[in-house]
Amino acid sequence: MTRVAAIDCGTNSIRLLIAEADPATGRLADLDRRMEIVRLGQGVDRTGRLAPEALERTFAACRAYAAAIRGYGITPDRTRFVATSASRDASNRDDFTRGVQDILGVVPEVITGDEEAELSFTGATRELRGTVPPPYLVLDIGGGSTEFVRGDTAVRAARSVDIGCVRLTERHGLSDPPTGAQLAAMTADIEAALDLAAERVPLTGTHTLVGLAGSVTTVAAIALGLPAYDSAAIHHSRVTADGVREVTARLLAATHGERAAIPVMHPGRVDVIGAGALVLQQVMKRTGAREVVVSEHDILDGIAHNVADEVEQSGEGDDQGKHG
């Protein structure tokens, strides 16, 4: 078994996965999976810079993650830190890179949208192969961007567009709840981004729509009527297009307090979940998908698979399982 650590730092959240990879089956067994809402992308769409307080929130999470990684005896060469939309867009991303390297001993990789899409596809579909028929359209709704990836056993087409839940919420200055004019403008923004995505990725004709990340999993948890957030119940659940529309309408009509009172709602998603749900709704409308298969496994799992595959290909084996 090969122990690896993967960190995914997005616009809204930073997540850690410490896992053991079985080279015989290619499957991951979680040892530690955690998430913190740090809102790294706070104001980036407006200022083009990472805010000092956003950087400090992110570095505080990194310090906790570094302690966990050391506790499992995992070395920096088996740790990969991937940063996505917010840090791609920021003029001061070098401050972010230096801070992460000082804390974790690894250089964060500020990946392209296409690289993000490929990792998301790997994480989302590796377990589904053989159980849910391809071709797949993987939809990853993040804080700053949304990725569309189409493929079967490999990626065939991918596109990243700037319609993440944080970016849309800030860009349209959504009131609480949003006005009709704000919703119309945000919907038009989403539709224009879907036009861009469709130039590279066919959005119709796929067999299975797979939805990833916090906006999708939260909508699923609400649709399922869960009394508390339950990853096991959400993973590989299916939500119909009607179910998504009902949840989206509820979220967009609710006040901040009403959204915060939903049992499955993470506090860091309360102000942006409406925008994320609207993206999911409009994608299902555009693709004609009758349902979305919801995956708790996404880019984070893709990063871990990537590290484990590289270790296996290097023939190094693993003696790190003796630690921690």
Exercise for the section: Mind putting a number on the dipole of the chain about its Cα centre? Charges go on the C-beta only, +1 for Lys and Arg and -1 for Asp and Glu, and I need it in Debye to the nearest 20. Expected result: 560 debye
Problem - Charge dipole magnitude, Cβ of K and R +1, D and E -1 - the stretch 123-231, Cα centre, debye nearest 20 - result: 340 debye
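Under 8 Å for C-alpha pairs, at least 6 residues apart: give me the relative contact order for the chain, rounded to a whole percent. Let's see the in-between values first.
Working: 663 pairs, mean separation 71.7, N = 324.
So the answer I get is 22 percent.
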Fill in the blank from the handout: Note, the stretch 235-252: 3J(HN,Hα) by Karplus (6.51, -1.76, 1.60, θ = phi - 60°), whole Hz, Gly/Pro = x, goes 4, 6, 6, 10, 10, 6, 4, 4, x, 5, 4, 5, 5, 4, 4, 4, 5, 6
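With the Cα gyration tensor of the stretch 93-150 giving a ≥ b ≥ c as the square roots of its eigenvalues, does the rule (a/c under 1.5 for rounded; else a/b larger than b/c for prolate; else oblate) give rounded, prolate or oblate? Kindly include the intermediate steps, with their values, before the conclusion.
Values: a/c = 3.85, a/b = 2.27, b/c = 1.69.
Note, shape of the stretch 93-150 comes out prolate.
Taking the convex hull of the alpha carbon atoms in the chain, what volume per residue do you get, in Å³?
Value for the chain: 123 Å³ per residue.
Report the antiparallel proportion of the DSSP beta bridges in the stretch 1-114 as a percent, rounded to a multiple of 5.
Values: 17 of 24 bridges.
Approximately 70 percent, going by the DSSP bridge assignments.
Pull up the DSSP beta bridges for the chain and report the antiparallel fraction as a percent, rounded to 5.
On the way: 32 of 47 bridges.
Around 70 percent antiparallel, to the nearest 5.
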Completion exercise
Sparse-neighbourhood loop hits (trypsin sites (Lys or Arg not before Pro), the stretch 19-78; DSSP loop; Cβ within 10 Å at most 14 others) -> ARG27
Handout entry: From the C-alpha gyration tensor of the stretch 53-157, square roots of 5λ in Å
Key = 29, 18, 11
Problem - Most mobile of GLU246, GLU191, GLU258 in a GNM of the chain (Cα contacts under 10 Å) - result: GLU258
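On the protein heavy atoms, probe 1.4 angstrom, tell me the percent of accessible surface of the chain carried by carbon and sulfur.
Numbers: 6410 of 13060 Å².
Summing carbon and sulfur atoms, their accessible area is 49 percent of the total for the chain.
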Problem - Phi-based couplings in Hz for the stretch 220-231 (Karplus 6.51, -1.76, 1.60; Gly and Pro marked x) - result: 4, 4, 5, 4, 7, x, 5, x, 7, 5, 9, 4
Problem - Interatomic Cα distance distribution for the stretch 199-313, bins of 10 angstrom, percent - result: 14, 42, 29, 12, 3, 0
Problem - Mean accessible surface per residue for the chain, computed with a 1.4 Å probe while every protein chain stays in place, in Å² - result: 40 Å²
Handout entry: Overall Cα dimensions of the stretch 140-259 - principal axes, largest extent first, Å
Key = 43, 34, 22
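The values are calculated or read from the model by the stated rules, or taken from the named source; none is laboratory data. These figures come from a predicted structure and were not determined experimentally. Positions of Cβ are backbone-derived with ideal geometry, glycine not excepted, and every protein chain shown enters the neighbour counts. Keep in mind that these areas ignore ligands, DNA and RNA; they rest on the heavy atoms of the full protein, side chains included. Shrake-Rupley method; radii C 1.70, N 1.55, O 1.52, S 1.80 Å.
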